[in-house]
1. Can you name every residue in the stretch 117-172 that is within 18 Å of R97 (Cα to Cα), in contact with a Leu (Cβ under 7 Å, 6 or more places away or on another chain) and among the acidic types (D, E)?
2. I'm trying to understand the selection: among the residues of the stretch 27-55, which are within 21 Å of H246 (Cβ to Cβ), assigned to a helix (DSSP H, G or I), open to solvent by 30 Å² or more (accessible area, probe 1.4 Å) and not small (G, A, S)?
3. Please state which one of L163, L207, L175 is closer than 25 Å to A235 by Cα, aliphatic (A, V, I, L, M), at pLDDT below 95 and outside any helix (DSSP H, G or I).
4. Condition first: over 15 Å from the mean Cα position of the chain (by Cα) and surrounded by 18 or more Cβ atoms within 10 Å (Cβ to Cβ). Now tell me which residues in the stretch 198-212 satisfy that.
5. Can you pull out every residue in the stretch 169-197 that is open to solvent by 60 Å² or more (accessible area, probe 1.4 Å) and among the small types (G, A, S)?
6. Could you tell me whether any residue of the stretch 187-200 is within 20 Å of K237 (Cα to Cα) and not small (G, A, S)?
7. If we keep just the residues of the stretch 213-228 that are over 17 Å from the mean Cα position of the chain (by Cα) and assigned to a helix (DSSP H, G or I), which is nearest to E166 (Cα to Cα)?
8. When you scan the stretch 151-159, do you find a residue that is modelled with pLDDT under 95 and either assigned to a helix (DSSP H, G or I) or on the phi < 0 side of the Ramachandran plot (or both), even just one?
Amino acid sequence: MRRKLVVGNWKMNGSRASNAVLLSAIGAGLTSTGAACAVCAPAPYLAQCQEQLSGTSIAWGGQDLSAHAGGAYTGEVAAAMLLDFACTYAIIGHSERRAYHGEDDAQVARKTVAALAAGLTPIVCIGETLAQREAGQTDAVVGAQLGAVLDAITEADVAGLVLAYEPVWAIGTGLTATPQMAQDVHQVLRARLAKKNAVAAAGVQILYGGSMKPDNAKELMAMPDIDGGLIGGAALKAADFLAIIHAAD
């Protein structure tokens, strides 16, 4: 059985003071749980995450990484730099990176390869816009996004992936896919993984990343192919984040 995974994506939020309070509250409220959990913080705060979370059951990671190993790429963060702060995860291809920074499927694939090569677990984000959903293109869009990644990695690499289905129309809008709508897409993604490696596909965690909250988390994660959540706004409130983690039980 796949272990549930709940990952907080802080996006461009936080300060040393507020992070300290948030991380302390999460640690204090995290009772025995069968779910794994992690936070993905802005790069300047990874040292703080390492300092406060080392020795706990909470993992941490970056919100992006460069496809390059190093060199003259001002402003980028290499996989080795994330490892310097003992990161486990790196979010790759988030819809905001795709929309605001022009990242395409090919670049997302290159970043995924870089993460896997370094030993990081990439959380590869996939999702359609409202226009694409209304046009009946959801399966084709998410299939193409995932296909670009699978074409760039080996069969064995499939086991090292985490996917996050994030319907773009449900991020920060208050809208949420129904559990069945989300399940339908997760099932498509797992079937696509299985074409590359059927054994590994059965173990890949596929997270839901479209406005999961305490009041819908349990119902969403009860679906057979929804293995947790990539949490945005709710991850900035300890009580909400903890409620989602515990809903995974």
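The values are calculated or read from the model by the stated rules, or taken from the named source; none is laboratory data. The structure displayed is predicted, hence computed values, not measured ones. No Cβ is skipped: glycine too gets one built from the backbone with ideal geometry, and neighbour counts run over all protein chains shown. The area values use the complete protein model at the heavy-atom level, side chains included, leaving out ligands, DNA and RNA. Shrake-Rupley method; radii C 1.70, N 1.55, O 1.52, S 1.80 Å.
1. E166
2. Across the stretch 27-55, the qualifying residue is only Q52.
3. Values: L163 fails: at pLDDT below 95; L207 fails: at pLDDT below 95.
Unique residue meeting the criteria: L175.
4. Kept after step one, since they are over 15 Å from the mean Cα position of the chain (by Cα), are these residues of the stretch 198-212: 198-203.
The answer is A201, and nothing else.
5. Once the filter is applied, which keeps residues that are open to solvent by 60 Å² or more (accessible area, probe 1.4 Å) and among the small types (G, A, S), the stretch 169-197 yields only G172.
6. The first filter runs over the stretch 187-200 and keeps only residues within 20 Å of K237 (Cα to Cα), leaving none.
There is no residue in the stretch 187-200 that is within 20 Å of K237 (Cα to Cα) and not small (G, A, S).
7. Taking the stretch 213-228 and keeping what is over 17 Å from the mean Cα position of the chain (by Cα), we get 214-216, 218-219, 222-224.
Checking which are assigned to a helix (DSSP H, G or I) leaves us with 214-216, 218-219.
Values: P214: 17, D215: 18, N216: 15, K218: 17, E219: 17 Å.
Checked the stretch 213-228; the qualifying residue nearest to E166 (Cα to Cα) is N216.
8. Let us first name the residues in the stretch 151-159 that are modelled with pLDDT under 95, namely none.
No: zero hits.
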